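Read through the structure below, which is laid out as structure tokens, and then see the notes.
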Amino acid sequence: MSVPRKVQRLSVEEYLEAERDSPVRHEYIDGQIYAMAGASDRHNHIAGNLYNRLDDHLGDGACEAFISDMKVSVSDALFYYPDVVVACDGPGADAYYRKQPRLIIEVSSPGTERTDRSEKLLAYKQVKSLKEYVIVSQDRVRIEMFRRGRGDRWSWQLLTELDDVLRLESVGLTLTIGQVYRRVKFPHRTRR
């Protein structure tokens, strides 16, 4: 009979310190850490396309765009690594995480889709500074936009055509879906 191992919980401070020198990125959920997987070429093209457009659009303004390696503090016990984030923390912000995200984009794969649409969606909606949360599929043309409206009500929009328009009102940027999926090659599937 095996004896269950006691899992050691990390404090936020221990997590942040360990993460600075770690060769592997980890998300932090209530004292537990979870390793992040590598990404496909499609994932990288999509995240890169969005980051490049956002960074160019924001210029030297008060808000900054980050890609993949910037953590977001959702609460005192929850840190995620969004694929793309626009944050407006201002001078004096921590060099390794942001607390004031305005826009968060997750590039979803079959392995992350459920988490992105449920756990992360619920968590991100609790961040008062967040105005928009976008989930972009890497395996097909599909973008889901969640936007905070008046009275903290969230709206949902689905975009599935390359000539559809993605309006990122939180940062004043409009893109076609074709721009988001530039250089993305989907695998050919045989019909049965």
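Within the range 90-107, being free of Cβ contacts under 8 Å to residues at least 60 places away in the same chain and open to solvent by 70 Å² or more (accessible area, probe 1.4 Å) holds for Pro91, Gly92, Ala95, Lys99, Gln100.
Of everything listed in (1) modelled with pLDDT of 85 or more; (2) over 17 Å from Pro101 (Cβ atoms); (3) in a helix (DSSP H, G or I), the single unmet condition for Leu50 is (2). Checked across the range 108-117, the condition of being open to solvent by less than 60 Å² (accessible area, probe 1.4 Å), in contact with a Lys or Arg (Cβ under 8 Å, 6 or more places away or on another chain), touching a residue at least 40 places away in the same chain (Cβ under 8 Å) and farther than 21 Å from Glu13 by Cα holds for no residue. Of all the residues in the range 69-102, those that are basic (Lys, Arg), part of a strand (DSSP E or B) and over 12 Å from the mean Cα position of the chain (by Cα) number 1.
Within the range 53-105, being over 18 Å from Phe146 (Cβ atoms) and small (Gly, Ala, Ser) holds for Gly59, Gly61, Ala62, Ala65, Ser68, Ser73, Ser75, Ala77, Gly90, Gly92, Ala93, Ala95.
Filtering the range 119-128 to residues that are open to solvent by less than 50 Å² (accessible area, probe 1.4 Å) and either more than 15 Å from Met145 (Cβ to Cβ) or in contact with a Leu (Cβ under 6 Å, 6 or more places away or on another chain) (or both) leaves Ala123, Tyr124, Val127. Only one entry in Val134, Val86 is under 19 Å from Ala39 (Cβ atoms), of a type outside the set (Gly, Ala, Ser) and open to solvent by less than 40 Å² (accessible area, probe 1.4 Å), namely Val134.
The values are calculated or read from the model by the stated rules, or taken from the named source; none is laboratory data. Just so it is clear, the model here is predicted, and its values are computed rather than measured. All Cβ positions, glycine included, derive from the backbone under ideal geometry; neighbour counts span all protein chains shown. Please note that ligands, DNA and RNA were not included when accessible areas were found on the heavy atoms of the full protein model with its side chains. Shrake-Rupley method; radii C 1.70, N 1.55, O 1.52, S 1.80 Å.
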